[in-house]
1. Expressed in whole Å with the largest first, what are the equivalent ellipsoid semi-axes of the range 280-359 derived from the C-alpha gyration tensor as the square root of 5 times each eigenvalue?
2. Amide H to amide H under 5 Å from residue 7: which residues, 5+ apart in sequence or cross-chain, H placed 1.01 Å off N in plane?
3. So what is the relative contact order of the chain, in percent, for Cα pairs below 8 Å that sit 6 or more residues apart?
4. Could you give the spread of the C-alpha atoms of the range 334-468 along their three principal axes, from largest to smallest, in whole angstroms?
5. What's the percent breakdown of Cα-Cα distances in the range 227-301 across 5 Å bins, shortest bin first?
6. Quick one: check the C-alpha center-to-center distance for the range 424-464 versus the range 167-227, whole angstrom.
7. Under 5 Å between amide hydrogens, which residues at least 5 positions from residue 358 or on another chain qualify, with H placed 1.01 Å from N in the peptide plane?
8. Let's test this: bin the Cα-Cα distances of the range 435-499 at 10 Å from zero up to the farthest pair and state each bin's percent.
Amino acid sequence: MDVDVVGRILSTLPDDDDHPYRTGPWRPQTTEWRADDLEVTGEIPADLDGIYLRNTENPVHPALERYHPFDGDGMVHVIGFRDGKAFYRNRFIRTDGFLAEAEAGKPLWAGIAERPSRSVREDGWGARGRMKDSSSTDIVVHAGVALTSFYQCGDLYRLDPLTLDTLGKSEWGGAFPYDFGVSAHTKVDPHTGELLFFNYGTAEPYMHFGVVGADDRLSRYVEVPLPGPRLPHDMAFTENYAILNDCPMFWEPELLAKGLYATRFHPELPLRLGVVSRRGGNEVRWFEAAPTYVLHWVNAYEDGDEIVLDGFFQGDPEPKDTGDGSYLQRMFRFLALDRMQTRLHRWRLNLVTGRCREESLTDSITEFGVLNNAHGGRRYRYAYAATGVEGWFLFDGLVRHDLVTGGEERFRLPAGVYGSEPAMAPRAGSAAEDDGYLITLTTDMNEDRSECLIFDASRVTDGPVARIRLPERVSSGTHATWAPGDSIPGWHKADSPATWAADAPIPGRRKANSPATSAAGDSVPGRRDADSPATSAVGDSVPGRREADSPATWATGDSIPAWREADSPDTVLRS
Ligand SMILES: [Fe+2]
């Protein structure tokens, strides 16, 4: 393996950190790597051609009071495959917040489990405001550039998909909706090259839907009026429609009026699904269904008069505290798939009658479903999803759902080994929907390492056909994506995609003043102030570290001012 360290980022996290989502499988990385000719067990298929991108939460500083795993700074991993070889890179996303906190040497914004009023900075991002846009939630590839996004609403950061250099932020020709931002999950329609998105906020009309063309220009922006502020996380699309949602779980209006953000599920209200045209007319048609919260949709397609919509129905969107486990384990019970009872579900929206029919597709608890993206918005048969460790936000296996037969193929990772959201990579030249590979990254606590696993997507249970060793154990995280080589400018022109990337003509690339040069460290403010980047974890050399509220006090609760006052810490945790 040919490995270089290309950057190290100063961390001010405490040496004795014991937060469960900043240690163990969630231990953040501070090193940026470039690795070629990776060590392989088995054989990388020669017809696997493209890149797997994964976003992770890697906190660099302690929380002001209470850390939530979604607050960590975004770090993207890319593993690329061509000609039976693989390369790997990982980089922090140089967000405005990341750079500002590097300059300050301490946290400046409150996270999702903290009051916005606690933020040091008056400005910020997010539907509720005064938050740091960590851009650590999702990643897609649009118009040849990787875009990372924030779990509430924020900017879209543009990354070179191969070097992971931060190129800047999406501007869409000056039409980017900075007042509302863009939500966690955007969708790329591979058939049109369009990027579909939505946003939400606390001001009327509370939601918008938009379309960005393959030319990276905003072509459509539609108001989606809601009864009040809502917390949608994902959307779906068909060939002609976008499907948005008004789930009956939202910030309590009375508390919101006082500046407090407490999320409550309202089982007396229906789930409302909004259908809006992708190309003309601003009418939103609403369909009512059984109350639930849906974190992620898998896909949607048109079937005669109906729109078929698949996603994960939560049987218990607001799981009760049973008193089991540690305080923090109970606090983060909303992240555990078994507690939320997430099951693949189908809604059929009849555009003629206005009625919605729905059915559960399985008894199995899975989430983070993906598909062969060539079938995005079109009829499809296979969904690939993750299974979760009981009580934790960790993935312990993969499932291929056959939506025609109801069959399920499973692969269970060994105890102590956790996977990432999978991505389906169609085999180059494939014709069948499941003719391809399933890819995931592991966090192996037994061997203290990470691997990329490649499965035959049609034979998941057989286990990986290849395992590729990464230079360092990576943190667990949220979302991932697959981008075929053909979607990346210049991919097939060079001898090796691993080496041409630095000079590749990526649209919008701004090499001169790019934060991407921070690989060498120069552009990270404060970096040169420390004796050595390698000592960053020790803390004393980090400006501001000793001035902050004791970073160790977050765990005890009682030591935190206002902890017991309203703003229920049990319910502010979901995003
Ligand atoms: Fe998500």
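1. Values: eigenvalues 222, 27, 22 Å².
Value: 33, 12, 11 Å, ordered largest first.
2. So residue 7 has HN proximity to 32.
3. With pairs under 8 Å counted, the relative contact order is 17 percent.
4. Principal-axis extents of the range 334-468 (Cα, largest first): 57, 41, 20 Å.
5. 3, 16, 22, 23, 16, 11, 6, 3, 0
6. Between the Cα centre of the range 424-464 and that of the range 167-227, the gap is 32 Å.
7. Sorted by chain and number, the residues that satisfy this are 348.
8. 18, 37, 38, 7, 0
Every read-out reported here was derived from the displayed coordinates using simple, explicitly stated rules and does not represent laboratory data. Model, not experiment: these values are computed from the prediction. Note that we place each Cβ from the backbone using ideal geometry, even for glycine, and neighbour counts take in every protein chain shown.
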